[in-house]
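Inspection log for the structure reproduced underneath, given as structure tokens.
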Amino acid sequence: MNVEIRIVDGALARPAERGPGCGVGAVIAFEGVVRGEENGRAITGLDYEVYEGMAERELERLAVEVATSHGLMAVRVWHSRGFVAVGACSFRLEMESAHRQASLRAVAEFIDRLKRDVPIWKRAVEDRADSSQAPNRAGQQN
Amino acid sequence: MNVEIRIVDGALARPAERGPGCGVGAVIAFEGVVRGEENGRAITGLDYEVYEGMAERELERLAVEVATSHGLMAVRVWHSRGFVAVGACSFRLEMESAHRQASLRAVAEFIDRLKRDVPIWKRAVEDRADSSQAPNRAGQQN
Amino acid sequence: MEVRVKVFGPAVELAGSRVVCVRVEPGIDEAALRNQIAAEVPPLAALARQGRLAVNRAFARPGEPIMEGDEVALIAMVSGG
Amino acid sequence: MEVRVKVFGPAVELAGSRVVCVRVEPGIDEAALRNQIAAEVPPLAALARQGRLAVNRAFARPGEPIMEGDEVALIAMVSGG
């Protein structure tokens, strides 16, 4: 089983192409994209605050648990830290399994548990001045 | 709503990067990869036979129905025709929606209905000679 | 009239051909045509009974009559990964 | 002993600070510490009651004692898309 966790500053780029391992029949990639509104108000982006040290650890624990319980061959997780503009990607999850059902269920479970257990917070940014002030230090000016 | 259907000869390449439309919060890409065995026997690939004219039409009908019932913003479908080697991708489905639940359910439903309703058949190819004889004309030598 | 029924996938091997010909009355419906295929081409009996017919590249509705010149195909999906 | 509790996200605005200090007996468990935070920092009461504590960057187990020098954080996830 292959588990990778990456927390990166700002929006995520598309990962490099790679060949899936032997026995893999299904590859699912989920991307979370920042939407233009939050609670009905227009925003310019989201600012992600990460509890450094703990967030990576919880993501890894979650990835290993979900991979084990669903029999996955690989889990890769990317999550943004700091400012991500509307339309850009702040979260990417890739899972590989022999058959599609395992990956589909695992994607849903992973994201539900991520939102409950992984110490990453988002803050809506309504104007550009606000976001350019502190692009990578979420929440410090609140 | 944006629906695209592509049936392509042989394995699928990774699609070009593109920005998701406005309001999209979740993008799911599912890839079906040819596994190295079929019913417990080692294979070198799968040969896909497509009922030309009907398969595209059924894929499009299915995409529009699933997009409408789940409120998706986009559905893109690629399916291989002819020979696809083990480890290569023969099916790619992309869905975009405001929230993840819609796309996750839609991916599962689309693939279940694809296998039931879309006239595409696969044939296991056990040795390379067999596959190189007719790489893009599935089933003609059966 | 003669109906030329296209077959695909495992049905080709079973039938020994990519097209199966049956003589029927014009206006025969899809269930009756599938029964006739099953009777006249025994190796296809199981697929003809469980499959569906496509008429002019769309699945036939129940009771839909099949007329001279229609493109007819037996669509029998075999479950798979 | 004094425990410095890190807070994050909406809790920073509520507390007016990224760290909340409370004086407690060594060995206090996580539920008691959350109650004490709720009592001493009223704007954090709701988050302290519904949230969890992390001790040394892992969620505290029920009853886990908190000792001098531990890194303590209040982890209160607010539901979101």
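Read-outs: derived from the displayed coordinates by stated rules, not from any lab. No experiment lies behind these values; they were computed from the predicted model shown. Note: ideal-geometry Cβ built from the backbone for every residue, glycine included; neighbour counts use all protein chains shown.
Evaluating 6.51 cos²θ - 1.76 cosθ + 1.60 at θ = phi - 60° for every residue in the range A:74-87, the Karplus couplings come out as 7, 9, 10, 10, 10, 9, 7, 10, x, 7, 10, 6, 3, x Hz, glycine and proline recorded as x. Axis angle, to the nearest 10 degrees, between helix C:30-40 and the longest C-alpha principal axis of chain C: 60 degrees. Could you point to the residue in C:Ala11, C:Val22, C:Ile37 farthest towards the positive end of the range C:2-75's charge dipole, with +1 and -1 charges on the Cβ of Lys/Arg and Asp/Glu respectively? The listed residue farthest towards the positive side: C:Ala11.
Using helices alone, what [θ] at 222 nm do you get for the protein assembly as shown, with -39,500 (n - 2.57) per DSSP H run of 4 or more residues, divided over all residues and rounded to the nearest 500?
Numbers: 12 runs with 128 residues, N = 446.
Mean residue ellipticity, 222 nm, calculated: -8500 deg cm²/dmol.
Rounded to the nearest 20 debye, the dipole magnitude of the protein assembly as shown is 20 debye, with +1 charges on Lys and Arg beta carbons, -1 on Asp and Glu beta carbons, and the Cα centre as origin.
Relative contact order of chain D: 34 percent, from C-alpha pairs under 8 Å at least 6 residues apart in sequence. Once backbone amide H atoms are built at 1.01 Å from N, D:Glu71 has D:Asn56 as its partners under 5 Å, excluding neighbours fewer than 5 places away on the same chain. Sorted from longest to shortest, the spans of the Cα atoms of the range C:2-75 along the three principal axes equal 28, 21, 20 Å. For C:Ile28, the residues whose amide H sits under 5 Å from its own are C:Ile66, ignoring neighbours fewer than 5 places away on the same chain, with H placed 1.01 Å from N. Residues whose amide H lies under 5 Å from that of B:Ile5, counting only those 5 or more places away or on a different chain, are B:Val77; hydrogens are built 1.01 Å from N in the peptide plane.
Relative to its residue count, the range B:1-101 spans a Cα convex hull of 113 Å³ per residue.
Rounded to 0.05, the FRET efficiency of the D:Arg61 and B:Glu4 pair, given R0 = 41 Å and the Cβ-Cβ distance, is 0.20. Simple rule: put +1 on each Lys or Arg Cβ and -1 on each Asp or Glu Cβ in the range B:56-125, find the dipole, and look at B:Val64, B:Gly87, B:Val125; the Cα lying farthest toward the positive end is B:Val125. Charges were assigned to the Cβ only: +1 to each Lys and Arg, -1 to each Asp and Glu. The resulting dipole of chain C about its Cα centre is roughly 280 debye.
Normalising the average separation of contacting C-alpha pairs (under 8 angstrom, six or more residues apart) by the number of residues puts the relative contact order of the range A:42-121 at 41 percent. Across the identical copies, the 7 Å label point of C:Asn35, projected outward along Cα→Cβ, sits 7.8 nm from its counterparts, in ascending order.
Rg over Rh for the protein assembly as shown works out to 1.12, both radii taken from alpha-carbon positions and Rh defined as the Kirkwood radius. Using the Karplus relation 6.51 cos²θ - 1.76 cosθ + 1.60 with θ = phi - 60°, the per-residue 3J(HN,Hα) values for the range A:46-56 come to 10, 10, 9, 9, 10, 7, 4, x, 7, 4, 4 Hz, with x marking Gly and Pro.
Quick one: order B:Arg123, D:Arg57 by neighbouring beta-carbon count within 10 Å, fewest to most.
D:Arg57, B:Arg123
Neighbour counts of other Cβ atoms within 10 Å put C:Asp70, B:Asp9 in the fewest-to-most order B:Asp9, C:Asp70. Chain A's nearest residue to the axis relating it to B, judged by Cβ and reported with the distance in whole Å, is A:Ala29, 2.
The fewest-to-most ranking of A:Cys89, C:Cys21 by surrounding Cβ atoms within 10 Å reads C:Cys21, A:Cys89. In the assembly of identical copies, D:Met1 has its label point, taken 7 Å from Cα in the direction of the beta carbon, separated from the corresponding points by 9.0 nm (ascending, one decimal).
Sequentially through the range B:7-12, phi angles give Karplus couplings (6.51, -1.76, 1.60; θ = phi - 60°) of 10, 10, 6, x, 5, 8 Hz, Gly and Pro residues having no value and appearing as x.
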